[in-house]
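The values are calculated or read from the model by the stated rules, or taken from the named source; none is laboratory data. The structure presented is a predicted model; accordingly, all values stated were derived computationally and were not measured. A quick note on method: Cβ atoms are made from the backbone with ideal geometry, for glycine too, and the neighbour counts reach across all protein chains shown. Side chains are part of the model used for accessible areas, which takes the heavy atoms of the whole protein and leaves out ligands, DNA and RNA. Shrake-Rupley method; radii C 1.70, N 1.55, O 1.52, S 1.80 Å.
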Amino acid sequence: MSLQSHTIQAVDHPIHFNEKGYEALNAHLRENKYSNLFIIVDSNTNEFCLPKFLPLVETNLGIEIIEFEAGEINKNIDTCVEIWNVLTELGGDRKSLVINLGGGVVTDLGGFVASTFKRGIDFINIPTTLLSMVDASVGGKNGVDLGNLKNQIGVFNLPKMVIVDTEYLETVPQNEMRSGLAEMLKHGLIYDKTYWEHFLNIRAINFAQLDELIFRSVAIKNEIVTQDPTEKNIRKALNFGHTLGHAIESYFLENQEKTTLLHGEAIAVGMILESYISLHKNLISEQEFNEIKTTLKSIYQDITFDTKDINPILELLIHDKKNEYGTIQFALIEGIGKIIINQTVENELILKAFQDYQS
């Protein structure tokens, strides 16, 4: 299926695919009297994506490029302060427009910068990685990390539009593509068993159909977010694999003895662990658990955990922003394609999940 003419209507904004996105962007620029245009990029997208993007923009506005160094380690308030200062120096005002061109770090941080500058200016997200296309750029979450704690500071605020152009994926390394795939797998596990089954034999997938799979993944996330924009209820389903996955990601980020994990690599481990917990809470069958574990382990390299690693990871769970009244909240699967939220899990079962993962 060609996505050139496809649009998904999200909460108060459209998600345009491929060529239609640039038509919508240029119409938006014509229809709105912006004072100036700022494009936020990181060092990777400045080099690889901006040269493709700029010739497609039709505007008489002055365009300023604001670049920061790529990497999750720079997704922090210090980077925001630098960008707020640059916006001020370059004459940014309440009628400015920010376009965030990049992966999840860029769209998360750039959306937060725009949402807070002058108490909020318009922004548009153009995700350039698979992860940001199917996850980070959709749903109105904007924010930064607090030290090694993921996404602790942020706001819910919606872009004027999101443009998903899959040609940018030609610039994305294979390990980053696998990272994004983890969120697509999650969408199948929590919402659509048929979609999950597309990935059971990963080698047989015709990636000429990648547009179709991305479109469905975005549609699933949008269907969930539309029901619950500020994560009071069903949107918590999207946290499957993330309660433990984020703690693992944070631990590997701060520990100099460890190799930093990509988001999807940590979430894949989290999904295996939380599937084990689902199994032992009698929510899924042994067959379903084995299918999930086998599929994920066929795609993602095993991560090694030492005995000394587990307690610090469990301590990081306390800081998870999904916690309520000091209680750790899990979203677990209740059969493939279904979810149950607000589940508490004892540490003993979490430890057994780690032991099973290593076995």
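Condition first: of a type outside the set (S, T, Y), part of a helix (DSSP H, G or I) and in contact (Cβ under 8 Å) with a residue 24 or more places away in the chain. Can you find one or more residues in the range 199-207 that meet it? If you could, list the steps in order and put the result at the bottom.
In the first step, residues of the range 199-207 are kept if they are of a type outside the set (S, T, Y); the result is 199-207.
Subset that is part of a helix (DSSP H, G or I): 202-204, 207.
From what is left, the residues that are in contact (Cβ under 8 Å) with a residue 24 or more places away in the chain are 202.
Yes, some residue in the range 199-207 is of a type outside the set (S, T, Y), part of a helix (DSSP H, G or I) and in contact (Cβ under 8 Å) with a residue 24 or more places away in the chain.
Only one of these is in contact (Cβ under 8 Å) with a residue 60 or more places away in the chain and open to solvent by 10 Å² or more (accessible area, probe 1.4 Å): V81, V134, V164, V105. Name it.
Only one candidate qualifies: V105.
For the range 79-113, what are the residues that are more than 30 Å from F252 (Cα to Cα), of a type outside the set (A, V, I, L, M) and in a helix (DSSP H, G or I)?
Matches in the range 79-113: N85, T88, E89.
Of everything in the range 30-50 that's farther than 22 Å from V86 by Cα and not basic (K, R), which residue is surrounded by the fewest Cβ atoms within 10 Å (Cβ to Cβ)?
Per the stated criteria, the residue is E31.
How many residues are of a type in the set (K, R) and either surrounded by fewer than 18 Cβ atoms within 10 Å (Cβ to Cβ) or in a helix (DSSP H, G or I) (or both) when one looks only at the range 65-78?
Of all residues in the range 65-78, those of a type in the set (K, R) come to 75.
Right, trim to either surrounded by fewer than 18 Cβ atoms within 10 Å (Cβ to Cβ) or in a helix (DSSP H, G or I) (or both) and you get none.
So the count comes out to 0.
Given the criteria buried (at least 19 other Cβ atoms within 10 Å of the Cβ) and within 21 Å of I15 (Cα to Cα), does L189 qualify?
On the way: buried (at least 19 other Cβ atoms within 10 Å of the Cβ): yes; within 21 Å of I15 (Cα to Cα): no.
The answer is no for L189.
Provide a single number: the residues in the range 46-77 that are among the aromatic types (F, W, Y) and closer than 28 Å to I153 by Cα.
Here the count works out to 1.
Given the options G111, G91, G139, name the one that is at positive phi, of a type in the set (G, A, S) and under 15 Å from the mean Cα position of the chain (by Cα).
Just one listed residue meets the conditions, G139.
So which residues in the range 167-179 are open to solvent by less than 20 Å² (accessible area, probe 1.4 Å) and within 15 Å of E72 (Cα to Cα), if there are any at all?
Residue satisfying the conditions is S179 alone.
Filtering the range 114-131 down to residues that are over 17 Å from S217 (Cα atoms) and part of a helix (DSSP H, G or I), which residue is most open to solvent (accessible area, probe 1.4 Å)?
Here the answer is R119.
Scan the range 234-268 for residues that are farther than 18 Å from K338 by Cβ, among the aliphatic types (A, V, I, L, M) and in contact with a helix residue (DSSP H, G or I) (Cβ under 6 Å, 6 or more places away or on another chain) and jot them down. Even if it seems obvious, please write down each step before you answer.
Of the residues in the range 234-268, the ones farther than 18 Å from K338 by Cβ are 244-268.
With among the aliphatic types (A, V, I, L, M) added as a condition, the list becomes 244, 247-248, 253, 261-262, 266-268.
Listed by number, the residues that qualify are L244, A247, I248, L261, L262, A266, I267, A268.
Any idea how many residues of the range 256-300 are among the small types (G, A, S) and more than 14 Å from A331 (Cα to Cα)?
Selection size over the range 256-300: 5.
Go through the range 257-266 and give me each residue that's under 20 Å from G103 (Cα atoms) and either open to solvent by 40 Å² or more (accessible area, probe 1.4 Å) or in a loop (DSSP other than H, G, I, E, B) (or both).
T260, L261, L262, E265
So V269 clears everything in (1) of a type outside the set (G, A, S); (2) surrounded by fewer than 20 Cβ atoms within 10 Å (Cβ to Cβ); (3) touching an Asp or Glu at 6+ places or on another chain (Cβ under 9 Å) except one condition, right? Which one?
(2)
Within the range 231-239, is even one residue of a type outside the set (K, R), in contact with a Lys or Arg (Cβ under 9 Å, 6 or more places away or on another chain) and closer than 28 Å to C49 by Cβ?
The answer is yes; a qualifying residue exists.
Does G21 satisfy being touching a residue at least 40 places away in the same chain (Cβ under 8 Å), part of a helix (DSSP H, G or I) and surrounded by 21 or more Cβ atoms within 10 Å (Cβ to Cβ)? Give the derivation first.
Numbers: touching a residue at least 40 places away in the same chain (Cβ under 8 Å): yes; part of a helix (DSSP H, G or I): yes; surrounded by 21 or more Cβ atoms within 10 Å (Cβ to Cβ): yes.
Spelling it out, G21 is indeed touching a residue at least 40 places away in the same chain (Cβ under 8 Å), part of a helix (DSSP H, G or I) and surrounded by 21 or more Cβ atoms within 10 Å (Cβ to Cβ).
Here are some residues: I303, I284, I313, I336. Which one is open to solvent by less than 30 Å² (accessible area, probe 1.4 Å) and in a helix (DSSP H, G or I)?
Numbers: I303 fails: in a helix (DSSP H, G or I); I284 fails: in a helix (DSSP H, G or I); I336 fails: in a helix (DSSP H, G or I).
After applying the criteria, what remains is I313.
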